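What follows is a set of notes on a single structure, which appears directly below.
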Amino acid sequence: MITVESVSKSFNGKKAVDSISFQANDQEVLVLLGTSGCGKTTTLKMINRLIEADSGNILIDGKNIQSQKVEDVRMGIGFVMQHSGLFPHYTIQQNIAVVPDLLKWSKKRTTERTLELLHKLHLSEELLSRFPNELSGGQQQRVGIARALIATSPVLLMDEPFGALDTITKADIHSEFKSLEELKNKTIILVTHDVQEAFDLGHKICLMDKGKIIQTGTPKEMLYHPENDFVKSFFAKNRLLLEYKVATLKDVKSHFKGGRLYEDLQFSENTVVWNALQRLSADYSLSEDYEDLVKAFNEYRKFQTI
C-alpha cells in the first residue's frame, strides 16, 4: 500500500533522513520508532507532502505522490498530529467536520458519520458544542482520531498520537485502538519514541537512528534476531516485559503443564502471555495456572536466539 524508496531529506545541509526504504502493507500497522531527532516525523510528513523529499520515491497504492496534486494526496490520507492538533477556536463538531466540509459533504451525512464515530470512540454527543480546552487529554486525542477517520481514507498517519497522555489513559486508548474496526481496514504508519507502544500496536517496526533505518521486522524479530548491538541495546531496558508481550500461548504451549487455559478459560492460541497473566492474576483461584504459565514462558525463553 505505501512504498518508500531511497528517500532523503536535508535541512541546512544536514541529512535528517538518509536514503531510507520500507513498505507498509495493506491493513498493516507499521511503526517508525526511535529517539527524538532520528528522522521519523520528517519521514511521516514526507508521505503526505507536508515536507517535500529531496530525492527518492513515495508510492501509495502504486501511484507516485509526486505525480499528484498535493491536495489530492492529503485528501486520501487521515492524519493524527501530536497533542491531537485540534483547532482551539473551533468547537469539537467543527473540528471533526473539517475534511467533510472540504469534500462538500451534506450536513446530514457529516452529522451521521460524526455520531457514528463518537459512539465507536466512547465520546458523548454533548461534547460537540465544547471547545478543545474544555476536554481532557484523552478526550482530545479521541476527537483527533475521529477527525482523521471521518472520511474513511485507506491510509492513516499518526505522529506521536498518544505521547501527551498519562499511562492509564494511554493503556485505555491502546486497547480501543486495537479493537476498533475502523482501524483494522487501514494501512497505518505510526510514529513513536515509546518502545512499549510500538510493541503493543505495531505489526512491523522500523527502528531509526540518525536518519537511517537500522532494522525492520516484527516485534518478535527485533527482540530475538537483532541485526546489531544498537538494536539489541535499544530494547535492553524493557526486554523482559517486551518478551512477555510478543510471546503467545501458542509459543509456550509445549512447555505448559496445566490444562485449563484453552478449555476452561477460553483463551485463544494468539493471546499474548502478558494479557493472559493479567487475567489470571485477577482471580486468586487461578494462581496455580498463573505460576504454571510463568514457568512455561521462562522455558520458552531459553530456546530463543538472544
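Where a number appears in this text, it was derived from the coordinates with a stated rule and is not lab data. Computed from a predicted model, the values in this text were never measured in an experiment. Glycine gets a Cβ as well: all are built from the backbone with ideal geometry, and neighbour counts include every protein chain shown.
Scattering from the range 2-237 was approximated by placing one identical point on each alpha carbon and applying the Debye formula without solvent; log10 I(q)/I(0) at 0.08, 0.17 1/Å stands at -0.30, -1.29. For the chain, modelled as a GNM whose springs connect Cα atoms under 10 angstrom apart, the maximal fluctuation among LYS257, LYS232, LYS45 occurs at LYS257.
The relative contact order of the chain, computed from alpha carbon pairs under 8 Å that lie at least 6 residues apart in sequence, is 21 percent.
Considering only the other residues whose Cβ falls under 11 Å of the Cβ of ALA53, what net charge follows from Lys and Arg at +1 and Asp and Glu at -1? Neighbour charge sum, excluding ALA53 itself: 0. Helical runs assigned H by DSSP (4 residues or longer) give the chain a calculated mean residue ellipticity at 222 nm of -11000 deg cm²/dmol, each run adding -39500 (n - 2.57) before division by the residue total.
Given R0 = 45 Å, the distance between the Cβ atoms of ASN133 and LYS69 translates into a calculated FRET efficiency of 0.85. Straight-line reach from LYS69: taking Cα to Cα under 27 Å and skipping same-chain neighbours fewer than 8 places apart, the lysines in range are LYS9, LYS15, LYS40, LYS45, LYS104, LYS107, LYS186. With loop membership from DSSP and a limit of 15 other Cβ atoms within 10 Å, the longest segment of the chain without chymotrypsin sites (Phe, Trp or Tyr not before Pro) is 91-302. Within straight-line reach of LYS237, meaning a Cα separation under 21 Å, sit the following lysines at least 8 residues removed in sequence or on another chain: LYS170, LYS204, LYS210, LYS220, LYS245, LYS302. Shape of the range 115-245 from the C-alpha gyration tensor: prolate (a/c of 1.5 or more and a/b above b/c, with a ≥ b ≥ c the square roots of its eigenvalues).
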